[in-house]
Amino acid sequence: MPKFTRRRLLAGAAPLVAAPVLGKMTLGSDAGAANRTLQGHVHDHRSAGHAAMIGQNVPAVGGPRDLDALLYPPPPLPYEPGRIREYEVRARDREIEVAPGVFFPAWTYNGTVPGPVLRATEGDILRVNFTNAGSHPHTIHFHGIHPTNKDGVFEIVNSGEEFTYEFEARPAGFHPYHCHSTPLKKHIHKGLYGALIIDPKEPRPPAQELVMVMNGYDTDGDGANNFYTVNGRSFYYARYPITVRRSELVRVYVANLTEFDLINSFHLHADFFHYQPNGTGDYREYTDSVMQCQGQRGVIEIEFANTGLFMFHAHQSEFTELGWMGFFNVVD
Amino acid sequence: MEAKAARRGELSWRLWALVPIVLLSLAVGGYVASGASLVDLIGRNPPQADEFDIRRVQFERGQIRIRVTNPQQDDLTIASITVDDAIVPFEVDGPRTLGRLRSSTVVVRYDWVADDPISVGVTSSSGIETVEEVAAAVETPGANAGAFLGYAIIGFLVGVLPIALGLLWLPSLRRIEQRWLTAFMALTGGLLSFLGVEALFEAFELQAAVPGALGGPGLVLLGVAGSFLTMTFISGRFSGEGGAALGGVALATLVAIGIGFHNFGEGLAIGTSFAFGQLTLGSFLIVGFMIHNVTEGLGIAAPAADERSGVSLPRLATLAVIAGAPTIAGAWLGGFAANDVLAALFFGAAAGAAFEVVAEVARYVSKRDPAGLRSGYAIGGFLAGIAVMYVTGLLAA
């Protein structure tokens, strides 16, 4: 766009001036302009906010069930001593579509960002066979209690190599996992992270369970995110609301793996929920908003009292408007 | 016989002139057909920047229109649009995937807030976001009669009127001594040099902001050389066969044309800046421009003062229009159809025209005045011209 340097200097003189006559001649009066703008606001509802951001109009990638594997965790298994839970995880480079027509050259676990939802019951032996089919050295670092030589920090798995992480799953709760190769920031924001649910030996009450991993994508490499999502695609749950039943327990495992930003958050409209930080301990917060630093996570439990569309989003407006927004469709 | 052979020889040499072209086509074809294999021998081309050139952001009732161009070699696809860092639904008037130097207009339904700063971002399919910060969202004037008239009045006030006033110095100038007339002629030279340097600087600044494929200092040179040579041609016509130095009304006309070029650029700048909300027009600013431009009238009057037969009033009016009216045309163009490439070209042209007229004035003074360019009057006048422009320019700052 044209920028006239000398004229910009000239523009600096303007506040000194009041020129009603000229103003009238050149603009047809400011008041007229303001009126026109106001009328525009009154008569023009085409751009009316959130109504434009639900259903068909929402710029979101893909079909209605594309993210089911990330949203719905594998079922919990009752405690059984000595059981082995085995998972195959493969790191590979893959270009993913994060918003319609916007492609991000991601590093993935099993081809998706976030990676697969892993699940074990406390006391199970968790065995994760990791293959690095990507172009850079990677690891998997699990949050939890385990031997340091299974921590995914020193045991760098080079391209084409394999490594098996094997340890007892504990403590019960909800934990993230992510790559711990350096440069750390790069390896995480490229997409190498996911969620691990460790069920307590004493099982939680049955519920409709959901997993939401909050993340962001810095698609132009300037150290700031251009898109925010849960489970990897911006505005996906605004395009395809998550259907749940009224008066039945809904349990949402929420984790924040957003790089670059200090915090992320989850806010629910029109109802309150109980929040258990890390999915551990007895402490519950009764709230409609939770804030998480990168790597923080927790478990939300709620029985919706009403039916209808319940919005959820980050309570950072910026994140909301860059894709981290969706709806529960609560039905009878 | 001999003539025929000579003609045949001539023909074959003409044909021979085609040989390099044919061979070049073959070489180019061969290289293109080989794909990128030559580059692979050396290394790898870096990826393209995938940035758009945002040419224009227009604010209309309930919507924002963003004109984007693909400045790079590879295709670029408009994938996502943000306004103030928020993703917004949008429509594209034109193709979504843009070939090299192709443009489309993105239309966003948006309740923008008048007078607030606002930014728009265009994200390509590779996720690269090009952001344009707008200092203040102001409804873009449509090409209606009111705005048309408004720009015309501004152009008249800052262009035609002050120059006409400056020309009123003509009777006084006619009565002064030759050495003082020389001083005023040199003053004209100083004024024009100042305007030329300023226009040149502006042209280079504009050129630098234009995306690589369209910009380049050569664009400015094209403007400078184009107007300089056109003016040289015109002055040649005026002076006739003899090639004598121009004087009197002819030189005054040339000065008026040179100043007209400059004022076209000035009008363009005012119109564009106003249309983009970068310039607040107020009486102080207008007055500043008027005082600044009165000196341009003086510049035209000085050579005209030398006309023995006297200058008719209609002729003077014509001179004022030649020098001042382009401000109006420039303001119209800038306000309704600004284009940074054209703007860089016009400012270059303004510089070229100014420099050509300075050369004409110098030629005139050196022939006309026995003391020539080395006299204190000439030197002092020239420096005074620059100083006057600088000082009156402060009024408009």
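For the range A:66-81, name all the residues that are farther than 16 Å from A:GLU202 by Cα and part of a loop (DSSP other than H, G, I, E, B).
If the condition is that a residue be farther than 16 Å from A:GLU202 by Cα and part of a loop (DSSP other than H, G, I, E, B), then A:ASP66, A:LEU67, A:TYR72, A:PRO73, A:PRO74 are the ones that fit.
So which residues in the range B:197-229 are within 14 Å of chain A (Cβ to nearest Cβ) and under 28 Å from B:LYS367 (Cβ atoms)?
Answer for the range B:197-229, where residues must be within 14 Å of chain A (Cβ to nearest Cβ) and under 28 Å from B:LYS367 (Cβ atoms): B:VAL197, B:ALA199, B:LEU200.
Conditions (1) more than 40 Å from the chain's Cα centre (by Cα); (2) closer than 30 Å to B:ALA114 by Cα, marked per residue:
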site	(1), (2)
B:ARG8	yes, no
B:VAL22	no, no
B:PRO46	no, no
B:GLU51	no, yes
B:GLU60	no, yes
B:VAL68	no, yes
B:LEU76	no, no
B:ASP85	no, yes
B:VAL92	no, yes
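Among the strands (runs of 3 or more DSSP E) confined wholly to the range A:251-324, which include 1 or more residues that are over 23 Å from A:TYR177 (Cα atoms) and either hydrophobic (A, V, I, L, M, F, W, C) or within 17 Å of the chain's Cα centre (by Cα) (or both)?
A:263-268, A:273-277, A:289-293, A:297-303, A:308-313
Would you pick out the residues in the range A:296-311 that are in contact with a strand residue (DSSP E or B) (Cβ under 6 Å, 6 or more places away or on another chain) and touching a residue at least 60 places away in the same chain (Cβ under 8 Å)?
A:ARG297, A:GLY298, A:VAL299, A:GLU301, A:PHE304, A:THR307, A:LEU309, A:MET311
This table checks each residue for (1) within 25 Å of B:TRP112 (Cα to Cα); (2) surrounded by 10 or more Cβ atoms within 10 Å (Cβ to Cβ).
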| residue | (1), (2) |
| --- | --- |
| B:PRO20 | no, no |
| B:ARG44 | no, no |
| B:GLN63 | yes, yes |
| B:ASN70 | no, yes |
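Do we find that B:PHE261 is farther than 16 Å from B:LEU161 by Cβ, at pLDDT below 70 and in a helix (DSSP H, G or I) in this structure?
Criteria not met by B:PHE261.
Going through B:ALA152, B:ALA135, B:ALA114 one at a time, which residue ends up being more than 25 Å from the chain's Cα centre (by Cα) and of a type in the set (A, V, I, L, M)?
B:ALA114
Out of the residues in the range B:188-235 meeting the condition of being of a type in the set (A, V, I, L, M, F, W, C), more than 25 Å from B:ALA302 (Cβ to Cβ) and over 13 Å from the mean Cα position of the chain (by Cα), tell me which one is modelled with the lowest pLDDT.
B:ALA213
Against the definition (free of Cβ contacts under 8 Å to residues at least 60 places away in the same chain, surrounded by fewer than 20 Cβ atoms within 10 Å (Cβ to Cβ) and out of contact with any Asp or Glu (no Cβ under 7 Å at 6 or more places or on another chain)), how does B:GLU132 come out, yes or no?
Here the answer is no, as B:GLU132 does not meet what is asked.
Return a yes/no flag: does the range A:64-71 have any residue that is touching a strand residue (DSSP E or B) at 6+ places or on another chain (Cβ under 6 Å), at pLDDT 95 or above and more than 11 Å from chain B (Cβ to nearest Cβ).
Yes, the range A:64-71 contains at least one residue that is touching a strand residue (DSSP E or B) at 6+ places or on another chain (Cβ under 6 Å), at pLDDT 95 or above and more than 11 Å from chain B (Cβ to nearest Cβ).
For the range A:193-201, state whether one or more residues are farther than 24 Å from A:ASP68 by Cβ, touching a residue at least 12 places away in the same chain (Cβ under 8 Å) and either assigned to a helix (DSSP H, G or I) or away from chain B (no Cβ under 14 Å) (or both).
Looking for residues that are farther than 24 Å from A:ASP68 by Cβ, touching a residue at least 12 places away in the same chain (Cβ under 8 Å) and either assigned to a helix (DSSP H, G or I) or away from chain B (no Cβ under 14 Å) (or both), one finds at least one in the range A:193-201, hence yes.
Restricting attention to the range B:328-387, and to residues there that are within 14 Å of chain A (Cβ to nearest Cβ) and outside any helix (DSSP H, G or I), which single residue is surrounded by the fewest Cβ atoms within 10 Å (Cβ to Cβ)?
Here the answer is B:ASN339.
Is the range B:153-165 home to any residue that is among the aromatic types (Phe, Trp, Tyr), under 21 Å from B:ARG56 (Cα atoms) and within 11 Å of chain A (Cβ to nearest Cβ)?
Looking through the range B:153-165, none of the residues is among the aromatic types (Phe, Trp, Tyr), under 21 Å from B:ARG56 (Cα atoms) and within 11 Å of chain A (Cβ to nearest Cβ).
Can you find, within the range B:289-309, the residue that is farthest from the chain's Cα centre (by Cα) among those that are part of a loop (DSSP other than H, G, I, E, B) and in contact (Cβ under 8 Å) with a residue 24 or more places away in the chain?
B:ARG308
Just one of (1) without any contact (Cβ under 8 Å) to a residue 60 or more places away in the chain; (2) over 20 Å from B:ALA325 (Cβ atoms); (3) under 25 Å from the mean Cα position of the chain (by Cα) trips up B:SER172, so point out which.
(3)
Does the range B:99-107 contain any residue that is more than 28 Å from the chain's Cα centre (by Cα) and crowded, with 21+ Cβ neighbours inside 10 Å?
Within the range B:99-107, not a single residue is more than 28 Å from the chain's Cα centre (by Cα) and crowded, with 21+ Cβ neighbours inside 10 Å.
Under the condition of being within 7 Å of chain A (Cβ to nearest Cβ) and at pLDDT 85 or above, which residue from the range B:115-151 is nearest to B:TRP332 (Cα to Cα)?
The qualifying residue nearest to B:TRP332 (Cα to Cα) is B:GLY150.
Which of (1) within 11 Å of chain A (Cβ to nearest Cβ); (2) buried (at least 20 other Cβ atoms within 10 Å of the Cβ) is the odd one out, the single condition B:LEU170 does not satisfy?
Unmet condition: (1).
Here is a list of conditions, (1) surrounded by fewer than 17 Cβ atoms within 10 Å (Cβ to Cβ); (2) away from chain A (no Cβ under 11 Å); (3) more than 24 Å from B:ALA359 (Cα to Cα), and B:ARG237 meets all of them except one; can you say which number that is?
(3)
The values are calculated or read from the model by the stated rules, or taken from the named source; none is laboratory data. As the structure is a computational prediction, the values presented were derived from the model and not from experiment. Glycine also receives a Cβ, built like all others from the backbone with ideal geometry; neighbour counts cover every protein chain displayed.
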